[in-house]
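Read the structure below first, then the notes.
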Amino acid sequence: MVKSDLPVVLNIEQRSYQFPWTQGIFLDCLRHGHSSWVLEIEQCIIGYGVISLAVQECHILNLCIDPDYRGQGRGRYLLEQLLMTARAHNADTAFLEVRATNFQALSLYFSEGFNEIGLRKNYYPALVGRENAIILAKIL
């Protein structure tokens, strides 16, 4: 992912989430050197992922597929690529948080060997109040 990808990335982000990341958040990730990738089909961005790598750990910060391309294995493919990148940087564990109501994401992560290791109460903003995040981890 590079800065010029952000208009398309932001469009996907805004169509995917009620509380999307802002351009500033993506720019901060790029500025701080987080491993940031786009998934393309025929030179069109259809997804993206951002991971933070430090001290033999990978933290998946964002993984998203365009709603028009979901349910076709593309999220799984992108996740696998992000985890390969983490392994190449000597990460031995991957972590992430996911909304407790994001059943599609939870299904993907559980099927890829992630395990629930904790709960962050009231972590995410919601239309009414806050929503819990489930903390997942996978040994790489």
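The values are calculated or read from the model by the stated rules, or taken from the named source; none is laboratory data. Quick caveat: nothing in here was measured; it's all calculated off a predicted structure. Neighbour counts are summed over all protein chains in view; Cβ atoms, including those assigned to glycine, are modelled from backbone coordinates with ideal geometry. Quick note on the areas: whole protein, heavy atoms, side chains included, nothing else; ligands and nucleic acids left out. Shrake-Rupley method; radii C 1.70, N 1.55, O 1.52, S 1.80 Å.
The string of couplings for the stretch 67-74 from the Karplus curve (6.51, -1.76, 1.60, θ = phi - 60°) is x, 6, 10, 6, x, 10, x, 6 Hz, one whole number per residue in order, with x for Gly and Pro.
Note that the stretch 29-90 carries a Kirkwood radius of 12.1 Å, evaluated over its alpha carbons pair by pair. Projecting the Cα atoms of PRO125, PHE95, PHE114 onto the charge dipole of the stretch 92-140 (Cβ charges, centred on the Cα centre) puts PRO125 farthest toward the positive pole. Ligands, DNA and RNA left out, the accessible area of the stretch 62-140 computed with a 1.4 Å probe is 51% carbon and sulfur. The GluC sites (Glu not before Pro) of the stretch 1-102 that meet both conditions, a loop assignment by DSSP and at most 14 other Cβ atoms within 10 Å of the site Cβ, are GLU42. Accessible surface of PHE110, taken over heavy atoms with a 1.4 Å probe and every protein chain present, rounds to 100 Å². Anyone know which of CYS64, CYS44, CYS29 comes out most mobile in the 10 Å Cα GNM of the chain? In this elastic network of the chain, the residue with the biggest mean-square fluctuation among CYS64, CYS44, CYS29 is CYS44. Suppose R0 equals 22 Å. What FRET efficiency, 1/(1 + (r/R0)^6) with r the Cβ-Cβ distance, do THR101 and GLN72 give to the nearest 0.05? Once the sixth-power term is evaluated, E becomes 0.50. Normalised by the number of residues in the chain, the mean separation of alpha-carbon contacts (under 8 Å, six or more apart) gives a relative contact order of 18 percent. Taken over the alpha carbons of the chain as equal point scatterers, the Debye sum produces base-10 log I(q)/I(0) values at 0.17 Å⁻¹ of -0.99.
Using a 1.4 Å probe, what is the accessible area per residue for the chain, in Å²? Counting only protein heavy atoms, the per-residue value for the chain is 57 Å².
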